[in-house]
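Engineer: Next up is a structure, given as structure tokens.
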Amino acid sequence: MPTLEIANLEVVYHSVVRVLSGISLVVPEGSIVALLGPNGAGKTTTLRAITGLLPLHDGEVVRGSIQLDDNSLVNLEADAIVRSGLAQVLEGRRVLVDLSVEENLLAGAWSLNRSQASDRVDHFCARFPILGERRHHLAGYLSGGEQQMVAIARALMPQPEIVLLDEPSLGLAPRIVDEVVKLIREIRESGVSVLLVEQNASMALDLADAGYVLENGRIVASGTAEELRGDADIREFYLGLGSTGSRGYRDVKHYRRKRRWLS
Ligand SMILES: Nc1ncnc2c1ncn2[C@@H]1O[C@H](COP(=O)(O)OP(=O)(O)O)[C@@H](O)[C@H]1O
Ligand SMILES: [Mg+2]
């Protein structure tokens, strides 16, 4: 199992817009690491840099390194990165709506032969009854939570060693978030590492071993999940987790003003 390590990463879009200003983070083998932060902080950009999708968005890595063990991922083609054992679930549940659940899963299996692929489909359908019951249904008719399960299972089809999830809980009802949490726990139990991007800090820190908080393209806090959850300032100012429960990131500007006022 490999370790993913990013050091001093800088990314610009359109050769001018600097979005990441030297971030460093590590996803040790077999762990779940949360990357938290408000909308626009640069979380999705970090994932695009890792998976080689930046050029599609006219973005580029201008400095720093991304290593999967001894292998550099910078400037590799996206399919070479998948072959090196990395998988990702894009923001916003990208299922193929006109295909069945089974066909969606098979679409994630281009690197497998036919019998391996059908074994993997059987595996997910048995393990997750929601998928098994809907196996021959069109993915477009599934609920948001079911579509998210399909998207995650599709990414896991080629048995990656590390999976990157971009806001898997976004827009899902709390009961469905619990299902997704269960699935992410199972991913880790099967030995696969997870880099979990979330705005839902309380969900992410319940699952994660460690976390990083990104703001304006910089890491402003990091530590074990326990340290981050236990630090009152971090809870209040960066995670939007007051003592009375989650406030949500949308209020972060308010707390930043308050922080300035306090200091
Ligand atoms: N293709 C792009 N071209 C220019 N700016 C972009 C592009 N994609 C994202 N950005 C900008 O980069 C910043 C970080 O975006 P993003 O990585 O999507 O943040 P997050 O996922 O944390 O919400 C935002 O200011 C966003 O507007
Ligand atoms: Mg994003």
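The values are calculated or read from the model by the stated rules, or taken from the named source; none is laboratory data. Note that the structure is predicted; figures quoted are calculated from it, not measured. Quick reminder, even Gly has a Cβ in these numbers, built from the backbone with ideal geometry, and neighbours come from all protein chains shown.
Engineer: Can you name the condition, by its number, that I130 falls short on among (1) surrounded by 14 or more Cβ atoms within 10 Å (Cβ to Cβ); (2) modelled with pLDDT of 90 or more; (3) of a type in the set (V, I, T); (4) more than 14 Å from the chain's Cα centre (by Cα)?
Structural biologist: Against the list (1) surrounded by 14 or more Cβ atoms within 10 Å (Cβ to Cβ); (2) modelled with pLDDT of 90 or more; (3) of a type in the set (V, I, T); (4) more than 14 Å from the chain's Cα centre (by Cα), I130 comes up short only on (2).
Engineer: Report, by residue number, each residue of the stretch 26-38 that is within 16 Å of ligand 2 (Cβ to nearest atom) and of a type in the set (A, V, I, L, M, F, W, C).
Structural biologist: Within the stretch 26-38, A34, L35, L36 qualify.
Engineer: Being more than 16 Å from ligand 1 (Cβ to nearest atom), of a type in the set (A, V, I, L, M) and within 22 Å of G30 (Cβ to Cβ) is the filter here; which residues of the stretch 65-112 pass it?
Structural biologist: L68, L73, I81, V82, L86, A87
Engineer: Which one of these is without any contact (Cβ under 8 Å) to a residue 40 or more places away in the chain, within 30 Å of E215 (Cβ to Cβ), part of a helix (DSSP H, G or I) and small (G, A, S): G145, G171?
Structural biologist: G145
Engineer: Pick out the one residue from V89, V61, V16, V74 that is in contact (Cβ under 8 Å) with a residue 40 or more places away in the chain and away from ligand 2 (no atom under 14 Å from the Cβ).
Structural biologist: V61
Engineer: Among R63, R83, R18, R48, which is within 27 Å of L239 (Cβ to Cβ) and loosely packed, with under 15 Cβ neighbours inside 10 Å?
Structural biologist: Result: R18 is the single residue among R63, R83, R18, R48 that is within 27 Å of L239 (Cβ to Cβ) and loosely packed, with under 15 Cβ neighbours inside 10 Å.
Engineer: When the residues of the stretch 39-58 are narrowed to those that are among the hydrophobic types (A, V, I, L, M, F, W, C) and within 12 Å of ligand 2 (Cβ to nearest atom), which ends up farthest from E5 (Cα to Cα)?
Structural biologist: Across the stretch 39-58, the extreme among qualifying residues is A41.
Engineer: Pull up the stretch 190-217, narrow it to residues that are among the polar types (S, T, N, Q) and not in a helix (DSSP H, G or I), then point me to the one that is farthest from ligand 2 (Cβ to nearest atom).
Structural biologist: Among residues in the stretch 190-217 that are among the polar types (S, T, N, Q) and not in a helix (DSSP H, G or I), the one farthest from ligand 2 (Cβ to nearest atom) is S190.
Engineer: Also, quick follow-up: Can E186 be described as in contact (Cβ under 8 Å) with a residue 24 or more places away in the chain, touching a Ser or Thr at 6+ places or on another chain (Cβ under 9 Å) and not aliphatic (A, V, I, L, M)?
Structural biologist: Spelling it out, it is not the case that E186 is in contact (Cβ under 8 Å) with a residue 24 or more places away in the chain, touching a Ser or Thr at 6+ places or on another chain (Cβ under 9 Å) and not aliphatic (A, V, I, L, M).
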